[in-house]
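No value in this document is a laboratory result; all are computed from the given coordinates. These numbers come from a predicted model, not from an experiment. Reconstructed Cβ throughout: ideal geometry from the backbone, glycine too, with neighbour counts over all protein chains shown.
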Amino acid sequence: MRLDLRDIIHVPDAQKTFRLQVDLSDLDFYGRRPITRPILAEGSVTNHAGALVLEGTARSVLDLACDRCGKEFSREKVVQLDSLVAQTLEDDENDEIILLDGTELDLDEVVTTAFVLAMDTKNLCSDDCKGLCAGCGVNLNEEPCRCKPEVDPRLAALAQLLDKETE
Ligand SMILES: [Zn+2]
Ligand SMILES: [Zn+2]
């Protein structure tokens, strides 16, 4: 969706609202496609004393897999879209300002960029997820470890290293 700001660019206090959906269900993220549902974005652009201020949110429910135990889970993701919008950049201005294409704001691009940059690189089903046992492979959130004390995987690994060194 392209939002034409022609009517508010030179009109103090004027505002334009928007609401759109963005489909990023094909987007590959570490071998998964977590944004299975449409992203719903809504907000406004307001002329504050000549400065165009974009305010809004983009939200969706992500389908994720825990990086520690592998369990699949869903979690809502809400991303703020707050930014400044301008027709031209003056020297030394920071690049957090979004440039208009003529008088139009490319909202699909704004929402896509903000949402993708806000994606987490690590996802845990819960902060205290215990993960899988490296020895017996059970999900430690659901059942106790089945390893016998005498086959502690750390000691087994250490023994392997020591064997190699004596070869
Ligand atoms: Zn987990
Ligand atoms: Zn175990």
Given a Förster distance of 45 Å, report the FRET efficiency between Arg6 and Arg75 from their Cβ-Cβ distance, rounded to the nearest 0.05.
0.70
For Asp13 and Leu162 in the same chain, what is the full-extension length gain: residue separation times 0.36 nm, less their Cα-Cα distance, in nm?
46.2 nm
Can you compute 3J(HN,Hα) from phi for each residue in region 42-54, using the Karplus curve 6.51 cos²θ - 1.76 cosθ + 1.60 with θ = phi - 60°, rounded to whole Hz and x for Gly and Pro?
8, x, 8, 10, 10, 8, 9, 6, x, 8, 8, 10, 8
Send over the semi-axes of region 1-125's equivalent ellipsoid, whole angstrom and largest first, taken as the square roots of 5 times the C-alpha gyration tensor eigenvalues.
33, 14, 12
Low-density loop positions, chymotrypsin sites (Phe, Trp or Tyr not before Pro), region 5-66 - DSSP coil, at most 16 other Cβ in 10 Å:
Tyr30
Tilt relative to the chain, helix 153-166 - C-alpha long axis, 0 to 90 degrees, to 10:
70
Taking the Cα atoms only, what angle lies between the long axis of helix 107-117 and the longest principal axis of the chain, rounded to 10 degrees?
30
Going Cα to Cα from Lys148, which lysines come in below 20 Å? Please leave out same-chain ones fewer than 8 positions away.
Lys130
Inter-probe distance in nm under a simple model that places probes 7 Å from Cα toward Cβ, at Thr36 and Cys133:
3.0
